[in-house]
1. If each residue of separation counts as 0.36 nm, what is the full-extension length gain between Y203 and L72 once their alpha-carbon separation is subtracted?
2. Okay, which of segment 16-31 sit inside 15 Å, backbone N to the point 7 Å along the Cα-Cβ direction of E133?
3. If one computes P(r) from the Cα atoms of the chain, what percent of pairs lie at distances over 30 Å?
4. Can you tell me the relative contact order of the chain? Whole percent, Cα pairs under 8 Å, sequence separation 6 or more.
5. Between K232 and L252, how many nm apart are label points set 7 Å from Cα along the C-beta direction?
6. List, largest first, the extents of the alpha carbons of segment 154-219 along their principal axes, each in whole Å.
7. Using 7 Å Cα-to-Cβ label points, what is the V239/H8 separation (nm, one decimal)?
8. Stretched out fully, how many nm does the piece from L17 to I33 gain, at 0.36 nm a residue minus the Cα gap?
Amino acid sequence: MVWALLAHLGATVLHLLVYLGRLGLFLGQSLGILCLPPLKVRRILRQIDFIGTRSLLVIGLTGLFAGMVLALQGYYTLTRFGSEAFLGPAVAISLITELGPVLSALMVTGRAGSAIAAEIGIMRITEQIDALEVMALNPIRYLVVPNIVAGLIALPLLGALFSVIGIYGGYLVGVQLLGVSSGTYFGSMTDFVSLRDVGTGLYKSLSFGLLITFLCCFKGYHTGYGAEGVSKATTEAVVASSVAILVLDYFLNSVLL
């Protein structure tokens, strides 16, 4: 019984190590090709449009209501300490350093990441990736690298837009609804929000952009055959990316804060 349990544990550990090795090799190969010209500029622009431009509506709505909820909760918390004048900095710092990068990354994962995994997965099961290899085209250069570059460009912009819209959503609730002075809301914000806070949000967005596109491409690239394989790969891509975003966010906070 004990030997069977140890054998099962060893097999699980070996399977995990093999999987992590495949992840590392895939990432290393993708980043290596990323540094070598030429880049597929047209495909990169197409993916920027797909990941970034088409996510504007969901990012705008999520940012607006996130800022409104944050201002509402923050106001009633700060009034207990007589510090409602600091509502502006509280909303701005929370959005810029934390909620903006994280929530925008989660929204992009659900909207674009799943589609990326499904698209590459369908290309795998219909043997289009094999056809690219037969034509001496590197599938990673053609399919993966444009998504990674687009994610690195689009996610910081979406995170910044999320934060800006969220700040004005907080303004609507804090100033227009709850009566906080407009000058106090924005004036104290400029006193407390620093370039380091902006840099923290930027570094997080860049990390999340790489993480989302890499994991979704990996899951799609190594999908199983059949409709069930694509469905499983798409689900795993969204779940793995969402969990990885939150885990990475903790470790980035440990380093950056």
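A short reminder: the numbers here are calculations on the coordinates, not readings from a lab. Predicted, not measured: the structure shown is a model, and the values here were computed from it. Backbone-built Cβ (ideal geometry, glycine too); neighbour counts: all protein chains shown.
1. Numbers: separation 131, 0.36 × 131 = 47.16 nm, distance 2.79 nm.
Stretched fully, the Y203-L72 segment lengthens by 44.4 nm.
2. 26
3. On the way: 12590 of 32896 pairs.
The answer is 38 percent, as a whole percent.
4. Numbers: 326 pairs, mean separation 79.8, N = 257.
That works out to 31 percent.
5. If labels sit at K232 and L252, their model points lie 3.1 nm apart.
6. That works out to 50, 24, 13 Å along the principal axes.
7. The answer from the label model is 2.0 nm.
8. Working: separation 16, 0.36 × 16 = 5.76 nm, distance 2.41 nm.
That pair, L17 and I33, stretches by 3.3 nm at full extension.
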